[in-house]
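S.K.: Got a structure for you, written out below as structure tokens; questions coming shortly.
The values are calculated or read from the model by the stated rules, or taken from the named source; none is laboratory data. The structure presented is a predicted model; accordingly, all values stated were derived computationally and were not measured. Positions of Cβ are backbone-derived with ideal geometry, glycine not excepted, and every protein chain shown enters the neighbour counts. Heavy atoms of the whole protein, side chains included, go into the accessibility calculation; ligands, DNA and RNA do not. Shrake-Rupley method; radii C 1.70, N 1.55, O 1.52, S 1.80 Å.
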Amino acid sequence: MIPLAALEQIIDASGAAPQVEAMLPAGVRPRQLTVRTLLAGMCLAAADQRPAHLTRVHRALTALPGDDQRRLGVIADWKHGPHLLTYRQTERTFGLVTAALGKDQPDGLPSGRLQRICDGLIEASVPAEFKNASASLAVDWTDLESFSRPPPRGTSDCADPEASWGHRKNNLLRSQDELFYGWYLSAGIMAPEENGPAVPELARRATVSSPRHDPVRAFAPVLTAMPAAGIPLGDILADSGYAYRDAAAWAIPLRAAGAALVQDLHPHDRGPKGTRHGAIIANGNLYCPATPRALLELGPPARDAGPEQATAHNGKTAELARYKLGRLTADDTDGYHRVQCPAAVGKIRCPLRPASLTLDRDRPEILIPPEHPQACCTQQTITVPPEVNAKTRQKHDYPSAAWRRSYARRTGAERGFATIKDPAASDITRGWCRLMGLAPLTLFVTTLLIVRNQRTITAWETRQQESKRRAARGLPPKTRHRRRKTLATMTAAPP
């Protein structure tokens, strides 16, 4: 159980309570339940593995010790004596808060006020010693089903008209997506830096949006607003669902905010996609016109690839890197940069560049140069405008070994959603929250992520202490148990 003092400290550090209080209308008499106490009760309900019901929030507040109830206003002195907070008062304050943070015309996206309040609460749940531990974020979205019954086909007549139909992956044998009625929950989970120490996988940002809106376009402004709040962006790890969007929706805003993209490319974006002054555009880079087609069409190795297949794949991607045009300058203020022929920078041998023929023969050699050389072969350098590879350009060459090692950190996003979907902790399947509308659901999701961060920190500190004890005894750090035998190895073994 997370201590009440820790939850109160997070709420106070965020400054959310006084901001919301200033938005609420003044009544005839003061409200017994303040916004600060309401947020504390919502966090207590989530910490006690209770569903996101206002009855559970009221029950969590009235179950506190007497001193805490008086301090938080759960028990107040009225004209005729002490008065215990009622459920109707809880419902009234919560309704005022969601009305103040919601939109006058709901459209399936959170208001700016609601998003700022939630961002502040989640960020306050990250301890000071971890705020600068890593600037890398693993991002993803997941389904969040509404408690409302879906509307009849062709209508929006239901209890939660702001929600919408969406697609989600299923665990069935068929490959088709599954329809659900509800919301998309997008989150950014802290990931370790490349070759850096491990960090706790804490949620830094999150948003909820209707499936009628693209979750990528809904989450991009939340991430790009982080530098203005003093939180620099590092590596952004995303799957092909993000990389496949047009550049103006994802890649360009993130790069402008200072982020470095490490993302999987959609199969439709892989391989050769045109030319620029004769250079082949492929996988976010420019390559020599004589690059072998088989190298340009390389994709990531299969998930079940063994060490030998991975080594062979690494050799091919290393050879492909030889044909890449060498970058000479960084992007200027308009996004332009200059590149040079790989033979001119000494990576390959080519008859069109006589000086390159003096290089060692361990480099690839162009035996049949282009019959009619274009600018990339004849000029010293060529200029690359920002629209070239705007969507696919990223930190590492795709799909090199360096890219695979860096992209492997993205699994932190999967684990982040797994912790809040775990039935043993907080199962956010249908019925977890029975309130309708975007603002109520977003507030409850925010308090759940606050609790989830505190549990993650507790588990992290426990592992660190265990590692220190093992180190003091001369033992190696404890590792996770991995499968040693598989069905394949057992069937391949001789009788």
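S.K.: Between the DSSP loop rule and a limit of at most 10 other Cβ atoms within 10 Å, which chymotrypsin sites (Phe, Trp or Tyr not before Pro) in the stretch 75-156 are left?
M.R.: The qualifying sites: there are none.
S.K.: Here's another thing I want to ask about it. Using only alpha carbon pairs under 8 Å that are at least six residues apart, calculate the relative contact order of the stretch 161-263 and give it in whole percent.
M.R.: For the stretch 161-263, the relative contact order is 20 percent.
S.K.: Dividing the convex hull volume of the alpha carbon atoms of the chain by its residue count, what do you get in Å³ per residue?
M.R.: On the way: hull volume 110.0 nm³, N = 495.
So the per-residue Cα hull volume is 222 Å³.
S.K.: A further question on this structure: Compute the orientation-averaged projected area for the stretch 139-246 from the convex hull of its Cα atoms and round it to one decimal in nm².
M.R.: Seen from a random direction, the Cα hull of the stretch 139-246 projects 9.5 nm² on average.
S.K.: Can you pull the one-decimal nm distance between simple spin-label points at K79 and A5, each 7 Å off the Cα toward Cβ?
M.R.: 3.9 nm
S.K.: Evaluate the charge dipole of the chain about its Cα centre and quote only its size in Debye, nearest 20, assuming +1 on the Cβ of each Lys and Arg and -1 on the Cβ of each Asp and Glu. Display every interim value, and only then the final one.
M.R.: Values: 65 positive and 48 negative charges, 229 e Å.
Charge dipole, the chain, about its Cα centre: 1100 debye, nearest 20.
S.K.: Could you pull out every one of the lysines with an alpha carbon less than 19 Å from that of K421, ignoring same-chain neighbours closer than 8 positions?
M.R.: Here the lysines satisfying the reach criterion relative to K421 are K169.
S.K.: OK, next. Report the gain in length on full extension from A305 to Q374: 0.36 nm times residue separation, minus Cα-Cα distance, nm rounded to one decimal.
M.R.: Stretched fully, the A305-Q374 segment lengthens by 20.9 nm.
S.K.: Counting other Cβ atoms within 10 Å, which GluC sites (Glu not before Pro) in the stretch 336-434 have at most 11 and lie in a DSSP loop? Walk me through the numbers before you get to the answer.
M.R.: Working: sites: E365, E371, E387, E414; in loops: E371, E387.
Here the sparse-neighbourhood loop sites are E371, E387.
S.K.: Still on this structure: List the residues whose amide H sits under 5 Å from the amide H of L325, counting only those 5 or more places along or on another chain, with H placed 1.01 Å from N in the peptide plane.
M.R.: Distant-sequence amide H within range of L325: L286, Y287, C288.
S.K.: Going highest first, how would you order 230-237, 42-49, 120-127 by mean Cβ packing within 10 Å?
M.R.: 42-49, 120-127, 230-237
S.K.: Another question about this same structure. May I ask you to rank T458, T419, T37 by accessible area, largest first, using a 1.4 Å probe over the protein chains only?
M.R.: Numbers: T458 85, T419 60, T37 5 Å².
These residues rank, largest area first, as T458, T419, T37.
S.K.: Please identify the chymotrypsin sites (Phe, Trp or Tyr not before Pro) of the stretch 304-411 that satisfy two criteria: DSSP loop assignment and at most 15 other Cβ atoms within 10 Å. Which are they? Walk me through the numbers before you get to the answer.
M.R.: Numbers: sites: Y323, Y336, W403, Y407; in loops: Y323, Y336.
Sparse-neighbourhood loop chymotrypsin sites (Phe, Trp or Tyr not before Pro): Y336.
S.K.: Moving on to the next point. Exposed loop trypsin sites (Lys or Arg not before Pro) only (DSSP loop, at most 14 other Cβ atoms within 10 Å): please give the longest stretch of the chain free of them, not including the sites.
M.R.: Details: sites that count: K79, R153, K169, R174, R212, R303, R361, R473, K478, R480, R482, R483, R484, K485.
Between the exposed loop sites, the longest stretch runs 362-472.
S.K.: Ignoring ligands, DNA and RNA, please state the percent of accessible area on the chain from carbon and sulfur, probe 1.4 Å.
M.R.: 53 percent
S.K.: Please list 3J(HN,Hα) in residue order for the stretch 306-314, calculated via the Karplus relation 6.51 cos²θ - 1.76 cosθ + 1.60 where θ = phi - 60°; whole Hz, with x for glycine and proline.
M.R.: For the stretch 306-314, the Karplus curve yields x, x, 5, 5, 5, 5, 5, 5, 4 Hz.
S.K.: Here's something else I'd like to know. I need the Kirkwood Rh of the stretch 205-265: take the reciprocal of the average 1/r across all distinct C-alpha pairs and report it in angstrom.
M.R.: Details: mean 1/r = 0.0844 Å⁻¹.
11.8 Å is the Kirkwood radius here.
S.K.: For the stretch 285-328, what D do you get in µm² per second when you plug the Kirkwood radius from alpha-carbon pairs into Stokes-Einstein at 4 °C and 1.567 mPa s? Please list the in-between numbers first.
M.R.: Values: Rh = 11.4 Å.
Value of D from the Cα-based Kirkwood radius: 113 µm²/s.
S.K.: Which whole-number percent gives the relative contact order of the stretch 2-109, counting Cα pairs below 8 Å spaced six or more residues apart?
M.R.: Details: 92 pairs, mean separation 30.0, N = 108.
Computed over the stretch 2-109, the figure is 28 percent.
S.K.: If you take every DSSP beta bridge fully contained in the chain, what fraction is antiparallel? Give it as a percent rounded to 5.
M.R.: Details: 38 of 46 bridges.
Roughly 85 percent of the DSSP beta bridges within the chain come out antiparallel.
S.K.: In a shell of Cβ-Cβ distance under 12 Å around C376, excluding C376 itself, what net charge do Lys and Arg (+1) and Asp and Glu (-1) give?
M.R.: Surrounding charge for C376 is +4.
S.K.: What percent do you get for the relative contact order of the chain when only Cα pairs under 8 Å and 6+ apart count?
M.R.: Relative CO of the chain lands at 17 percent.
S.K.: Show that you can apply the helix-only estimate: for the chain, add -39,500 (n - 2.57) for every DSSP H stretch of four or more residues, divide by all residues, and state [θ] at 222 nm to the nearest 500. Present the calculation step by step, with values, prior to reporting the outcome.
M.R.: Numbers: 18 runs with 183 residues, N = 495.
-11000 deg cm²/dmol, from helical runs alone.
S.K.: Now, a different point. So what are the ³J(HN,Hα) numbers for the stretch 436-444, from phi and the Karplus equation (6.51, -1.76, 1.60; θ = phi - 60°), rounded to whole Hz, Gly and Pro as x?
M.R.: After applying 6.51 cos²θ - 1.76 cosθ + 1.60, I find 9, x, 6, 4, x, 5, 5, 5, 5 Hz.
S.K.: Using a 1.4 angstrom probe on the protein heavy atoms only, line up D422, D157, D104 by accessible area, largest first. Intermediate values should be presented prior to the final figure.
M.R.: Values: D422 65, D157 120, D104 145 Å².
Sorted descending by solvent-accessible area, the residues read D104, D157, D422.
S.K.: At 0.36 nm per residue, and after removing the present C-alpha to C-alpha distance, how many nm does the segment from M436 to E365 gain when stretched out fully?
M.R.: 19.0 nm is the gain from fully extending M436 to E365.
S.K.: Please list, in order along the stretch 282-293, the HN-Hα scalar couplings obtained from phi with the Karplus expression 6.51 cos²θ - 1.76 cosθ + 1.60 (θ = phi - 60°), rounded to whole Hz, x for Gly and Pro.
M.R.: 7, 6, x, 9, 10, 10, 4, x, 8, 5, x, 4
S.K.: Test of understanding: what is the full-extension gain from R327 to V345, defined as 0.36 nm times their sequence separation minus their Cα-Cα distance?
M.R.: Numbers: separation 18, 0.36 × 18 = 6.48 nm, distance 0.95 nm.
The span from R327 to V345 would gain 5.5 nm if fully extended.
S.K.: Let me spell out the model: positive unit charges on the Cβ of Lys and Arg, negative unit charges on the Cβ of Asp and Glu, origin at the Cα centre of the stretch 268-374. What dipole size does that give, in debye rounded to 20?
M.R.: In debye, rounded to 20, the stretch 268-374 gives about 160.
S.K.: Give the long-range amide H neighbours of G299: residues separated by 5 or more places, or on another chain, with amide H under 5 Å away, using H modelled in the peptide plane at 1.01 Å from N.
M.R.: Here nothing satisfies the definition.
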